[in-house]
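A.B. asks: Structure provided below as structure tokens; questions to follow.
The values are calculated or read from the model by the stated rules, or taken from the named source; none is laboratory data. What you see is a predicted model, and the numbers here were worked out from it, not measured in a lab. Positions of Cβ are backbone-derived with ideal geometry, glycine not excepted, and every protein chain shown enters the neighbour counts. Heavy atoms of the whole protein, side chains included, go into the accessibility calculation; ligands, DNA and RNA do not. Shrake-Rupley method; radii C 1.70, N 1.55, O 1.52, S 1.80 Å.
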Amino acid sequence: MARINVIFARSKNHCIGKEGSLPWHLPKEYAHFKRTTLGHPIIMGRKTYEDHNSVLPGRLNIVITRQADYQALPGIVLVATLEEAIEVAKKESDEIFIIGGVEFFTRGYAIADRVFETVVDVEVAGDAYLPPFDFSQWQTQVLLDSEPDERNALHFIAYEHTRRAG
């Protein structure tokens, strides 16, 4: 049985994007994302894919689009639904990561075994926001508490929320 994971970074006011990209530059957080997802299939919507327009190396990249004639880079697997993406991913690994966007994060909460949430200590005016989610019934641990430094201007905390059995 494959474990389904959701992974994202958000601001204190739940912003996850601004003009097609992340509204901060945090190499340490990007390294956390890479370390967590490397070697596992990643599922994303078309808009998330277009934000970086590349194949993330070391992972099966699955892009969900309803556009039957959509053209993506070689190495991208195109599917029509989240359910189809999960079925394709299950053939590759017992760990699957949903990496965006808002629709797939919110749908992913209902089926996720774990949610990797990074909270960046900033309020951002952006154009993509996640609705707040109550993790009080989940087991939560801090994976990384990163103070600002010369390469990472903002404080952030990376959490792992695990669904409790029952």
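A.B. asks: If I take every Cα pair under 8 Å that is 6 or more residues apart in region 63-165, average their sequence separation and divide by the length, what percent do I get for the relative contact order?
C.D. replies: 23 percent
A.B. asks: Quick check: net charge around residue 164, other residues with Cβ under 12 Å of its Cβ, Lys/Arg +1 and Asp/Glu -1?
C.D. replies: Net local charge, residue 164 excluded: +1.
A.B. asks: Answer rounded, prolate or oblate for region 104-166, using the Cα gyration tensor with square roots of eigenvalues a ≥ b ≥ c: rounded when a/c is under 1.5, else prolate when a/b is larger than b/c, else oblate.
C.D. replies: oblate
A.B. asks: Another question, if that's okay. Local charge sum around residue 1 (other residues, Cβ-Cβ under 15 Å, Lys/Arg +1, Asp/Glu -1)?
C.D. replies: Working: positive: 3, 90, 91, 114, 163; negative: 87, 92, 94, 95, 113.
Taking every Cβ under 15 Å from that of residue 1, the sum is 0.
A.B. asks: Let me ask you something else. What size of dipole, in debye to the nearest 20, comes out for region 51-166 about its Cα centre when the only charges are +1 on Lys and Arg C-beta atoms and -1 on Asp and Glu C-beta atoms?
C.D. replies: 440 debye
A.B. asks: Please give the per residue accessible area of the chain, computed with a probe of 1.4 Å over protein heavy atoms only, in Å². Walk me through the intermediate numbers first.
C.D. replies: Values: 8740 Å² over 166 residues.
Here the residues of the chain average 53 Å² of exposed surface.
A.B. asks: So, taking all protein chains as they sit and a 1.4 Å probe, how much accessible area belongs to residue 90, in Å² rounded to tens?
C.D. replies: Using a 1.4 Å probe on the heavy atoms, I get roughly 90 Å².
A.B. asks: Now for a different question. Divide by every residue of the chain the summed helix terms, -39500 (n - 2.57) for each DSSP H run of at least 4, and state the resulting mean residue ellipticity at 222 nm, rounded to the nearest 500 deg cm²/dmol.
C.D. replies: -6500 deg cm²/dmol
A.B. asks: Tally up the carbon and sulfur contribution to the accessible surface of region 34-108 as a whole percent, 1.4 Å probe, everything protein left in place. Walk me through the intermediate numbers first.
C.D. replies: Details: 1940 of 3820 Å².
Ligands and nucleic acids excluded, carbon and sulfur give 51 percent.
A.B. asks: Across region 1-101, how many lysine pairs separated by 8 or more positions, or lying on different chains, have Cα atoms within less than 30 Å?
C.D. replies: 13
A.B. asks: Obtain the radius of gyration and the Kirkwood radius of the chain from its C-alpha atoms and give Rg over Rh.
C.D. replies: Using Cα coordinates only, the ratio equals 0.95.
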